[in-house]
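J.: There's a structure below that I have some questions on.
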Amino acid sequence: MRFRSAPAVTAIAAIALTATACGGGGADEGGETAAESTLVIWSDPERADAIKAAAAEFAEANGIKVDVQGLAFGDIQGDLLNAHQAGNAPDVFIGAHDWTGNLVRNGAVQPVELPQDRAAGLSETSLQALDYDGQLFGVPYSQENIFLMRNADLAPEAPETFEEMVEVGTELKESGETSEVLSMAVGQEGDPYRMNALFTSAGGYLFGQDEEGNWDPADLGVGSDESIAAMEKVAEYGEDGEGVLRRSITTDNDASLFYEGEAPFFVAGPWNIADADESGVDYEISPIPGFEGEEPASPYIGYQAFFVTEGSANSALAQEFVTNYVTDTDFVLDLYEADPRMPVQTEALDEVSADDPNIAAIAEAGAEGMPMPSIPEMGETWEPLGVAQAAIIGGADVREAMESAHDTIAEQIGQ
């Protein structure tokens, strides 16, 4: 079961336009309620100032007040659900696209009515990622994905296949120039987020999809023959095989191995760029290579978006803000300056890519990527699958480990 390509932007836009915003107590157009309203927006502190600047213009244009409140990003989803239940949730908030299923299941967000001309300016896969059961539930503004970072002095050319990368890295290790072939975090509990690129290249899958491209939790693929075969391929490079993938490499030491010249290749993310620049390593960015003769490596893509809270007292204003301001090029560029995440708004992406070649390279590395599944069941997969993958890299029986993980996940999601 493979990831289906995103439907056309126009199709998603049509879906968005048919969505009915269900929030109660919307502001009266031009009336006293609108004039006295305060639009409350939750953001992480890193982007709060940029949002305040854009919101000030919006507030003046609509005769309202805007209150941008800063919360730690990791706290937003849980706090939002609690606040929504208590009746004091914000009108708009920033969140990750893979929260969507849980937010919808809890009745905490409303569909977004995105005009077609605004949808056309955003990447197709970003809109698909925020689509849930045929409705658009947020306006995406940025994406992030992992990629291969290589030491250009040690490995001048980007490898076309995983096997080619291993060959180059092995020669460097055997000559004593490096101590590792590849720095890719695995750890004792595994890392399905990073492993997905290789897992999918070898034919594995986590959840299937229906004909419309919706994730289907009933089609759990962890214990399938395809996924078992995929992890058998991965195991060839584990501790009982080539020794390229090892549990001793974790998120605590993966970056330092690369920065200190101990590994020529590094499975990295945008969060590593600043430290890589400071390290002095002459690095290049390219896609994570897939296995020879197999599918391209497909890293997870994560999107961040603006959501409108269900039951917002300022529903109409909130919809106006996320559809017409969040999609504005200048607004996206202001956010980029405050927190440099790759934009999904195409004009903004073109502009920042011209100034920073790393952005264009990261975008290219994500071209074969897949949006992280946003269904609520996804949260039950990380630990069992990670433990199984780590055990397999350590030499455990592949079928036994994957079938055990499958059974655990199936029980947790009620299958």
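J.: Could you check how many residues of region 52-105 are surrounded by fewer than 16 Cβ atoms within 10 Å (Cβ to Cβ) and closer than 24 Å to I301 by Cβ?
T.: Summing the residues that are surrounded by fewer than 16 Cβ atoms within 10 Å (Cβ to Cβ) and closer than 24 Å to I301 by Cβ in region 52-105 gives 5.
J.: Residue check, A305 against (1) in contact with a Phe, Trp or Tyr (Cβ under 9 Å, 6 or more places away or on another chain); (2) of a type outside the set (D, E); (3) closer than 18 Å to I146 by Cβ, all met but one. Which one?
T.: With (1) in contact with a Phe, Trp or Tyr (Cβ under 9 Å, 6 or more places away or on another chain); (2) of a type outside the set (D, E); (3) closer than 18 Å to I146 by Cβ applied to A305, the lone miss is (3).
J.: Here's something else I'd like to know. Is there any pair linking a residue in region 167-193 that is surrounded by fewer than 16 Cβ atoms within 10 Å (Cβ to Cβ) to one that is outside any helix (DSSP H, G or I) and among the small types (G, A, S), with Cβ under 8 Å and at least six apart or on different chains, and which?
T.: S179/A263
J.: Related question: Kindly indicate which of G223, G203 is part of a loop (DSSP other than H, G, I, E, B), in contact with a helix residue (DSSP H, G or I) (Cβ under 7 Å, 6 or more places away or on another chain) and either within 24 Å of T161 (Cβ to Cβ) or in the same structural domain as D98 (by TED's automatic domain parsing) (or both).
T.: G203
J.: Could you grab me the full set of residues in region 229-262 that are acidic (D, E) and buried (at least 19 other Cβ atoms within 10 Å of the Cβ)?
T.: D254
J.: Mind checking which residues of region 123-174 are part of a helix (DSSP H, G or I), closer than 30 Å to E262 by Cα and under 26 Å from the mean Cα position of the chain (by Cα)?
T.: Within region 123-174, F162, M165 meet the criteria.
J.: In addition: Does V281 qualify as being out of contact with any Ser or Thr (no Cβ under 8 Å at 6 or more places or on another chain), more than 26 Å from K233 (Cα to Cα) and outside any helix (DSSP H, G or I)?
T.: The answer is yes for V281.
J.: Ok, one more. Using the structure shown, decide if A410 is modelled with pLDDT under 95 and out of contact with any Asp or Glu (no Cβ under 6 Å at 6 or more places or on another chain).
T.: Considered against the rule, which asks whether it is modelled with pLDDT under 95 and out of contact with any Asp or Glu (no Cβ under 6 Å at 6 or more places or on another chain), A410 comes out as no.
J.: Check whether at least one residue in region 307-314 is crowded, with 24+ Cβ neighbours inside 10 Å, touching a helix residue (DSSP H, G or I) at 6+ places or on another chain (Cβ under 9 Å), outside any strand (DSSP E or B) and touching a residue at least 40 places away in the same chain (Cβ under 8 Å), and report yes or no.
T.: yes
J.: Select, from E351, E377, E347, E383, the only residue that is farther than 25 Å from M149 by Cβ, in a helix (DSSP H, G or I), acidic (D, E) and touching a helix residue (DSSP H, G or I) at 6+ places or on another chain (Cβ under 7 Å).
T.: Just one listed residue meets the conditions, E347.
J.: Let me spell it out: the conditions are (1) surrounded by fewer than 18 Cβ atoms within 10 Å (Cβ to Cβ); (2) within 21 Å of the chain's Cα centre (by Cα); (3) within 16 Å of D328 (Cβ to Cβ), and P115 meets all of them except one. Which number is the exception?
T.: Going through (1) surrounded by fewer than 18 Cβ atoms within 10 Å (Cβ to Cβ); (2) within 21 Å of the chain's Cα centre (by Cα); (3) within 16 Å of D328 (Cβ to Cβ) one by one, P115 breaks only (2).
J.: Let me ask something additional. Pairs only if they're at least six apart or on different chains, beta carbon under 6 angstrom, first in region 259-283 and touching a residue at least 60 places away in the same chain (Cβ under 8 Å), second of a type in the set (D, E); list them, first residue then second.
T.: The qualifying pairs are E262/E180; A263/E180; P270/E144; D282/D153.
J.: Mind listing whichever residues of region 358-402 are in contact (Cβ under 8 Å) with a residue 24 or more places away in the chain, among the acidic types (D, E) and out of contact with any strand residue (DSSP E or B) (no Cβ under 6 Å at 6 or more places or on another chain)?
T.: Residues satisfying the conditions are E364, E368, E380, E383.
J.: Identify all residues within region 77-122 that are of a type in the set (A, V, I, L, M) and assigned to a loop (DSSP other than H, G, I, E, B); write none if there are none.
T.: Those that are of a type in the set (A, V, I, L, M) and assigned to a loop (DSSP other than H, G, I, E, B): A89, A108, V112, L114, A120.
J.: OK, next. Assess whether G213 counts as being part of a loop (DSSP other than H, G, I, E, B) and closer than 30 Å to N324 by Cβ. If you could, list the steps in order and put the result at the bottom.
T.: Values: part of a loop (DSSP other than H, G, I, E, B): yes; closer than 30 Å to N324 by Cβ: yes.
So G213 fits the description; yes.
J.: Continuing with this model, one more query. Would you check which residues across region 153-165 are out of contact with any strand residue (DSSP E or B) (no Cβ under 8 Å at 6 or more places or on another chain) and surrounded by fewer than 20 Cβ atoms within 10 Å (Cβ to Cβ) and list them?
T.: Correct list: D153, L154, P156, E157, E160, T161, E163, E164.
J.: Another question about this same structure. Picking from A361, A410, A390, which residue would you name as being buried (at least 22 other Cβ atoms within 10 Å of the Cβ), part of a helix (DSSP H, G or I) and out of contact with any helix residue (DSSP H, G or I) (no Cβ under 8 Å at 6 or more places or on another chain)?
T.: Sole residue among the options that is buried (at least 22 other Cβ atoms within 10 Å of the Cβ), part of a helix (DSSP H, G or I) and out of contact with any helix residue (DSSP H, G or I) (no Cβ under 8 Å at 6 or more places or on another chain): A390.
The values are calculated or read from the model by the stated rules, or taken from the named source; none is laboratory data. These figures come from a predicted structure and were not determined experimentally. Reconstructed Cβ throughout: ideal geometry from the backbone, glycine too, with neighbour counts over all protein chains shown.
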